[in-house]
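What follows is one structure encoded as structure tokens, with my remarks underneath.
The values are calculated or read from the model by the stated rules, or taken from the named source; none is laboratory data. Predicted model only: the values in this text are computed from it and were never measured. All Cβ positions, even for glycine, are placed from backbone atoms using ideal geometry, and neighbour counts span all protein chains on display.
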Amino acid sequence: MGINHNSAKPGAGGAGAEGREDSDLQMIPRWSIVLALMVFTAMQYVFHVVMPHHRHELLPMRLLMGYTYGTALASYVLLVGYVSRDVKRRNMSARLWMLLVIVMPGGIGAVVYFLLRQPILSHCPHCSSQVAASYHFCPQCQFQMSPVCGRCFRGVQITDVYCTQCGHDLAEDHAPARLRAYSD
């Protein structure tokens, strides 16, 4: 008998579960990786070929500066690439956020983006409407998305036997099997 691990996760199913399974590194697009490599290489070219280097004792400083500036700018390009994909995943205005992240100096736009970004929405397995991850019930069809206490209706963990807020015995609630870790 096989175990379906997706059925034990609150809110599992639909496109929302696939979005949560993606690792953060897979969110960086290929164009951003290629551009970051080009920026890093360009910084090495600037510090080792373009800038005058009459004194050989400054070679360690040129190496350090080339790698530091190259890494900093390449990291910023990777961050812009990440934001370009993440903003679409969260149904936010891509043009506005990309403009803010690129134009605001010193990475302030990226900090503002991470502070103000919307939560990732999942889809209700019953009616397919978009639902925030913090919702316990679908606002369209009242489908139970995550386990809740039958007395105080606060969220509980799938493995809890008693409600941590009011002490109610959760076995009395007759929650659906997909929202229980252990069956009676």
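Considering the conditions (1) outside any helix (DSSP H, G or I); (2) over 28 Å from Arg154 (Cα atoms); (3) under 13 Å from the mean Cα position of the chain (by Cα), Met92 is excluded by exactly one of them, (3).
Entry remark, region 107-144: residues being in contact with a Leu (Cβ under 9 Å, 6 or more places away or on another chain) and closer than 21 Å to Asn91 by Cβ number 8 in total.
Residues in region 53-68 that are loosely packed, with under 13 Cβ neighbours inside 10 Å, part of a helix (DSSP H, G or I) and of a type in the set (D, E, K, R): Glu57 alone. Got at least one residue in region 97-108 being under 30 Å from Gln142 (Cα atoms) and either modelled with pLDDT under 90 or buried (at least 17 other Cβ atoms within 10 Å of the Cβ) (or both)? No, there is no match, as no residue in region 97-108 is under 30 Å from Gln142 (Cα atoms) and either modelled with pLDDT under 90 or buried (at least 17 other Cβ atoms within 10 Å of the Cβ) (or both).
When Trp97 is tested against (1) hydrophobic (A, V, I, L, M, F, W, C); (2) farther than 30 Å from Met51 by Cβ; (3) assigned to a helix (DSSP H, G or I); (4) touching a residue at least 24 places away in the same chain (Cβ under 8 Å), only condition (4) is not met.
In the set Tyr82, Tyr45, Tyr113, which member is loosely packed, with under 14 Cβ neighbours inside 10 Å and modelled with pLDDT of 85 or more? Explain how you work it out, then say what you get.
Numbers: Tyr82 fails: loosely packed, with under 14 Cβ neighbours inside 10 Å; Tyr113 fails: loosely packed, with under 14 Cβ neighbours inside 10 Å.
Within the list Tyr82, Tyr45, Tyr113, the selection yields Tyr45.
Applying the condition of being surrounded by 15 or more Cβ atoms within 10 Å (Cβ to Cβ) and part of a loop (DSSP other than H, G, I, E, B) to region 161-184 and asking which residue is modelled with the lowest pLDDT yields Arg180. Taking the listed residues Val87, Val46, Val50, the one that is out of contact with any Leu (no Cβ under 7 Å at 6 or more places or on another chain) and within 30 Å of Ser122 (Cβ to Cβ) is Val87, with no other qualifying.
So which residues in region 145-170 are under 28 Å from Cys127 (Cα atoms) and polar (S, T, N, Q), if there are any at all? I'd like the intermediate steps shown before the answer.
Let us first name the residues in region 145-170 that are under 28 Å from Cys127 (Cα atoms), namely 145-160, 170.
Ser146, Gln157, Thr159, listed by residue number.
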